[in-house]
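Colleague: Encoded as structure tokens, here's the structure I'll be asking about.
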Amino acid sequence: MAGTSTLKTSVLERFLRYVQFDTQADPSSPSIPSTPKQLVMMDALIDELKALGLTDAKRDEYGIVMATLPPNTKKPNVPVIGFLAHVDTSPELSGANVKPIVHRNWDGKDIALPTNSVVLRVAEIPDLNGKQGEDIVTASGDTLLGADDKSGVAVVIAALEQLKARPEITHGTIRVSFTPDEEIGRGVRYFDVRRFGAVCAYTLDGEGLGRLETETFSADAMAVTFQGFNTHPGFAHKKMVNSIKVAADFINRLPKNGLAPETTSEREGFVHPMDVQAAVDRTTIKFIIRDFRTAALAEHEKMVEDLARATVRDWPGSSVTFEVTESYRNMLEVLEKNLNSIEFAREAIRRAGMKPESSQIRGGTDGSILSEMGLPTPNLSSGQHNFHSRLEWVSAQDMEKAVDVLLHLAQVWEERG
């Protein structure tokens with residue numbers, strides 16, 4: 001069904017401003033947050049929150065912004081809930097000098113961007129079907145757009161503005177937070193759940209419209225290191241053990257038709273070698289291990305260990321060691337014990353005129369980590385599509401629908417919490 005280009009809230013105007021902040025995260029940086037430019041946007045958001053009357057808005061030493069919208073309900077003991085979004089953008093593609101383009105009242109045809117011959121082809125992007133007449137926002141073709149997750153930031157701020165302006169929407173205390181470094185998996189590692197003080201929260205970081213995501217992968221990182229022996233190649237006969245060759249033999253033994261990102265889908269897990277640091281003497285292969293069943297991670301890791309040990313047996317003089325680090329866990333393990341956070345979100349989506357769409361995330365969100373830390377945090381749609389790509393786009397009308405969901409969510413918690 002075609003949308004309308006008549007906009008009701010400030011969400012589009014805010015979004016167009018936010019994407020022009022360069023907030024790209026840097027996984028190689030040891031600093032917190034990983035890039036100081038994220039703090040520039042954080043400070044601008046603090047000013048906006050204070051202008052809306054959230055006078056306690058501030059950021060901590062880790063770059064995390066928190067603020068409070070006081071309740072307007074007369075009901076006692078309404079639970080405190082939270083709305084969250086992350087400001088950083090992916091390190092996979094430049095987020096500098098983003099030039100957003102609004103294709104108003106979109107005519108339904110392919111969208112050609114002005115640079116790099118980038119074209120959003122309707123035949124290749126099914127989610128564009130039904131968006132004719134809406135206001136579609138893209139970048140110019142040089143960069144990503146940054147809808148992941150500046151659409152979420154814009155939705156949260158616009159919802160706060162509406163809640164302040166419309167006292168007929170009764171709500172309890174609402175805590176808000178904007179976080180850094182979600183794209184590199186460490187933005188909420190220092191999040192103070194106790195200080196935030198909510199019974200649950202919602203990240204606005206989901207694709208499309210009307211989605212409620214309550215399940216993510218569980219994830220570990222694994223490093224497999226092969227030790228060889230190096231000497232001068234001119235005198236290496238029966239002495240050298242080339243760890244690069246050992247590692248290559250091991251990689252060739254990994255499953256090819258399953259347990260790999262390129263051959264799995266839906267609820268299937270995988271073992272993914274993603275980085276190799278190689279030298280004759282020592283070679284390390286870094287993996288990410290993913291599955292919806294947390295117990296399956298140990299099964300996959302044992303498979304990797306067994307293959308590696310079998311490999312070194314075929315290369316006399318080599319050896320292998322392993323290091324496994326927990327990354328995050330499936331948030332459903334926490335959320336299924338806090339069903340109100342799920343059921344109230346479904347009701348809010350219905351009240352906003354949509355049928356709730358549930359899906360699993362073949363990845364993680366800040367909600368994965370926050371849920372494990374004791375703050376149940378499902379993920380809601382913020383309108384973004386084709387994130388981490390020059391083809392990234394968002395519908396202004398979808399963002400407005402996401403604002404409606406938050407307004408209804410605040411009211412559902414006030415009524416039923």
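Colleague: Return the sequence-ordered ³J(HN,Hα) values of region 253-258 in whole Hz as given by the Karplus equation 6.51 cos²θ - 1.76 cosθ + 1.60 applied to θ = phi - 60°, using x for Gly and Pro.
Modeller: 8, 5, x, 9, 10, x
Colleague: First select every other residue whose beta carbon is under 14 angstrom from the beta carbon of VAL241; then total the charges, Lys and Arg +1, Asp and Glu -1. Walk me through the numbers before you get to the answer.
Modeller: Numbers: positive: LYS238, LYS239, LYS245, ARG282, ARG313; negative: ASP249, ASP281, ASP314.
Taking every other residue near VAL241 into account, the sum is +2.
Colleague: State, as an integer percentage, the relative contact order of region 294-373 based on alpha-carbon contacts under 8 Å between residues 6 or more apart.
Modeller: Numbers: 32 pairs, mean separation 26.3, N = 80.
Contact order relative to length: 33 percent.
Colleague: Let me ask something else about it. How charged is the neighbourhood of LEU12? Take every other residue with its Cβ under 9 Å from the Cβ of LEU12, and add Lys/Arg as +1 and Asp/Glu as -1. Could you put the intermediate results ahead of the total?
Modeller: Working: positive: ARG14; negative: GLU13, ASP135, GLU400.
Result for the local shell: -2.
Colleague: Taking H as built 1.01 Å from N, whose amide H comes closer than 5 Å to the amide H of TYR202, not counting residues under 5 places away?
Modeller: Residues meeting the criterion, in which the H sits 1.01 Å from N, are GLY82, PHE83, LEU84.
Colleague: What's the extension gain from LYS164 to ALA221 if we count 0.36 nm per residue and subtract their Cα-Cα distance?
Modeller: Values: separation 57, 0.36 × 57 = 20.52 nm, distance 4.36 nm.
This chain segment gains 16.2 nm when fully extended.
Colleague: Of all accessible surface on region 281-417 at a 1.4 Å probe, what whole percent is carbon and sulfur? The partial results should precede the final answer.
Modeller: Numbers: 2670 of 5580 Å².
Reported share for carbon and sulfur atoms: 48 percent.
Colleague: Continuing with the same structure: Which cross-chain or sequence-distant (5 or more) residues have an amide H under 5 Å from the amide H of LYS58, H modelled 1.01 Å from N in plane?
Modeller: When sequence neighbours closer than 5 places are left aside, the close amide H contacts are MET66.
Colleague: Which length gain, in nm to one decimal place, applies between ASP47 and GLU415 when the Cα-Cα distance is subtracted from 0.36 nm times their residue separation?
Modeller: On the way: separation 368, 0.36 × 368 = 132.48 nm, distance 3.12 nm.
Gain on extension, ASP47 to GLU415, equals 129.4 nm.
Colleague: Looking at this model, which pairs from LYS50/LYS355; LYS75/LYS150; LYS99/LYS355; LYS74/LYS131; LYS131/LYS355; LYS8/LYS131 are more than 29 angstrom apart at the alpha-carbon?
Modeller: Details: LYS50/LYS355 35 Å; LYS75/LYS150 33 Å; LYS99/LYS355 34 Å; LYS74/LYS131 41 Å; LYS131/LYS355 17 Å; LYS8/LYS131 18 Å.
With Cα atoms farther than 29 Å apart: LYS50/LYS355; LYS75/LYS150; LYS99/LYS355; LYS74/LYS131.
Colleague: Going 7 Å from the Cα of MET274 in the Cα-to-Cβ direction, what parts of region 201-226 have a backbone nitrogen less than 11 Å from that spot?
Modeller: Flagged as within label range: 219-222.
Colleague: If you keep only loop residues by DSSP, which trypsin sites (Lys or Arg not before Pro) in region 112-162 have at most 16 other Cβ atoms within 10 Å of their Cβ? Mind dumping the intermediate values first?
Modeller: Numbers: sites: ARG121, LYS131, LYS150; in loops: ARG121, LYS131.
Qualifying residues, ordered by number: ARG121.
Colleague: Here's another thing I want to ask about it. Write down the accessible area per residue of the chain in Å², having rolled a 1.4 Å probe over the full set of protein chains. Can you show the working numbers first?
Modeller: On the way: 18050 Å² over 417 residues.
Ligands and nucleic acids excluded, the result is 43 Å² per residue.
Colleague: While we're on this one: Could you rank ASP110, ASP281, ASP135, ASP47 by how accessible they are, 1.4 Å probe, largest area first? The partial results should precede the final answer.
Modeller: Values: ASP110 85, ASP281 65, ASP135 0, ASP47 105 Å².
Largest accessible area first, the list is ASP47, ASP110, ASP281, ASP135.
Colleague: Okay, moving on. Can you compute the charge dipole magnitude of the chain about its Cα centre, using +1 on each Lys and Arg Cβ and -1 on each Asp and Glu Cβ, nothing else charged? Give it in debye, rounded to the nearest 20.
Modeller: 220
Colleague: Something else: How would you order 400-407, 64-71, 168-175 from highest to lowest mean count of nearby Cβ atoms within 10 Å?
Modeller: On the way: 400-407: 25.1, 64-71: 20.2, 168-175: 18.8.
Final packing ranking: 400-407, 64-71, 168-175.
Colleague: Let me spell out the model: positive unit charges on the Cβ of Lys and Arg, negative unit charges on the Cβ of Asp and Glu, origin at the Cα centre of region 1-140. What dipole size does that give, in debye rounded to 20? Could you put the intermediate results ahead of the total?
Modeller: On the way: 14 positive and 17 negative charges, 107 e Å.
The dipole magnitude comes to about 520 debye.
Colleague: Under 5 Å between amide H atoms, partner at least 5 residues away or on a different chain: which partners does LEU212 have, H built in plane at 1.01 Å?
Modeller: Amide H neighbours of LEU212: GLU357, SER358, SER359.
Colleague: Rank by packing, highest mean first: peptides 373-379, 282-288, with packing defined as the count of other Cβ atoms within 10 Å averaged across residues.
Modeller: Working: 373-379: 21.9, 282-288: 19.6.
Ranking the peptides 373-379, 282-288 by packing returns 373-379, 282-288.
Colleague: Quick one: 3J(HN,Hα) in Hz for region 117-122, Karplus 6.51/-1.76/1.60 with θ = phi - 60°, rounded, Gly and Pro as x.
Modeller: Once rounded to whole Hz, the list reads 6, 7, 10, 8, 8, 4.
Colleague: Could you compute the FRET efficiency for GLU305 and ASP60, with r as their C-beta to C-beta distance and R0 at 45 Å, rounded to 0.05?
Modeller: Values: r = 40 Å, r/R0 = 0.89.
Efficiency for this residue pair is about 0.65.
Colleague: Heavy atoms only, probe 1.4 angstrom, no DNA, RNA or ligands counted: give me GLU343, GLU323, GLU262 ranked by accessible area, highest first. Write down the numbers at each step before the final one.
Modeller: Details: GLU343 80, GLU323 115, GLU262 145 Å².
I get GLU262, GLU323, GLU343, largest accessible area first.
Colleague: Got a sec? What order do MET41, MET240, MET354 fall in by accessible area at 1.4 Å, biggest, i.e. largest, first?
Modeller: Details: MET41 0, MET240 65, MET354 30 Å².
Final ranking, largest accessible area leading: MET240, MET354, MET41.
Colleague: In percent, how large is the relative contact order of region 8-104, given Cα pairs closer than 8 Å and 6 or more residues apart?
Modeller: Values: 92 pairs, mean separation 35.3, N = 97.
Answer for region 8-104 is 36 percent.
Colleague: Where does each of 244-256, 210-222 land if you order them by average Cβ count within 10 Å, highest first? All intermediate terms of the calculation are to be shown ahead of the outcome.
Modeller: Numbers: 244-256: 17.0, 210-222: 22.2.
With the highest mean Cβ count within 10 Å placed first, the list reads 210-222, 244-256.
Colleague: Please find, in a Gaussian network model of the chain (springs between Cα atoms separated by less than 10 Å), the residue of SER31, SER151, SER371 whose mean-square fluctuation is greatest.
Modeller: Evaluated over the chain, the most mobile residue of the options is SER31.
Colleague: What ³J(HN,Hα) values, in whole Hz, does the Karplus curve 6.51 cos²θ - 1.76 cosθ + 1.60 give for region 374-380 when θ = phi - 60°, with x put for Gly and Pro?
Modeller: x, 10, x, 9, x, 10, 10
The values are calculated or read from the model by the stated rules, or taken from the named source; none is laboratory data. In this text, all values refer to a predicted model and were calculated from it rather than measured experimentally. For neighbour counting, all protein chains shown are included, and Cβ atoms are generated from backbone atoms with ideal geometry for every residue, glycine included. SASA here: full protein model, heavy atoms, side chains in, ligands and nucleic acids out. Shrake-Rupley method; radii C 1.70, N 1.55, O 1.52, S 1.80 Å.
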